[in-house]
Amino acid sequence: MRKDIENIEDIKVLVDTFYGRVQEDEFIGPIFNSKLEGRWPEHIEKMYAFWETILLEEYSYRGKPFPPHAQLPVEAEHFEAWKVLFNATVDELYEGKRADEAKWRAERMAAMFLSKIQYFREANMKPLE
């Protein structure tokens, strides 16, 4: 039996494992790797704070998560691949209320990001930074 996500160390394991897999993924890896080349450690640190804020209610994240994603060359199938990889990673490592919440939050974020990306593309606009 796996344990639930309980602390920042659990979040670090999740984030490190997930983004390690993202970097190696043949479909979404090239998109992330080209955007984050030379800046992966900075992104990983932000993701620790982001998920700590969301799942543990320790408000360590400061930032706007959408604008950096707004100009990525992504479509629905990229978000689907991201969710499949994320959910598989969570399920492999953890189970419980927070693990379920992590997957639910990821689903909601992916849907919102895709919707906003499509909106800004159709309107030929860029989001405020």
Quiz prompt | Hits in region 96-128 - residues which are of a type outside the set (A, V, I, L, M), modelled with pLDDT under 95, open to solvent by less than 50 Å² (accessible area, probe 1.4 Å) and not in a loop (DSSP other than H, G, I, E, B) | solution = F113, F120
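Listed here are the residues, each with its yes/no results for (1) free of Cβ contacts under 8 Å to residues at least 40 places away in the same chain; (2) out of contact with any strand residue (DSSP E or B) (no Cβ under 7 Å at 6 or more places or on another chain); (3) more than 27 Å from M1 (Cβ to Cβ).
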residue: E37; (1), (2), (3): yes, yes, yes
residue: P41; (1), (2), (3): yes, yes, yes
residue: W51; (1), (2), (3): no, yes, no
residue: S60; (1), (2), (3): yes, yes, yes
residue: K64; (1), (2), (3): no, yes, yes
residue: E80; (1), (2), (3): yes, yes, yes
residue: K97; (1), (2), (3): no, yes, no
residue: Y119; (1), (2), (3): yes, yes, yes
Practice problem: Test each condition in (1) closer than 14 Å to W82 by Cβ; (2) in a loop (DSSP other than H, G, I, E, B); (3) among the polar types (S, T, N, Q) for Q23 and report the one that comes out false. | Solution: (2)
Quiz item: Which of the residues belonging to region 61-95 are assigned to a loop (DSSP other than H, G, I, E, B) and surrounded by 14 or more Cβ atoms within 10 Å (Cβ to Cβ)?
Solution: Y61, F66, A70, L72, V74, Y94, E95
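The values are calculated or read from the model by the stated rules, or taken from the named source; none is laboratory data. Note that this is a predicted model, so its numbers are computed, not measured. Glycine gets a Cβ as well: all are built from the backbone with ideal geometry, and neighbour counts include every protein chain shown. Heavy atoms of the whole protein, side chains included, go into the accessibility calculation; ligands, DNA and RNA do not. Shrake-Rupley method; radii C 1.70, N 1.55, O 1.52, S 1.80 Å.
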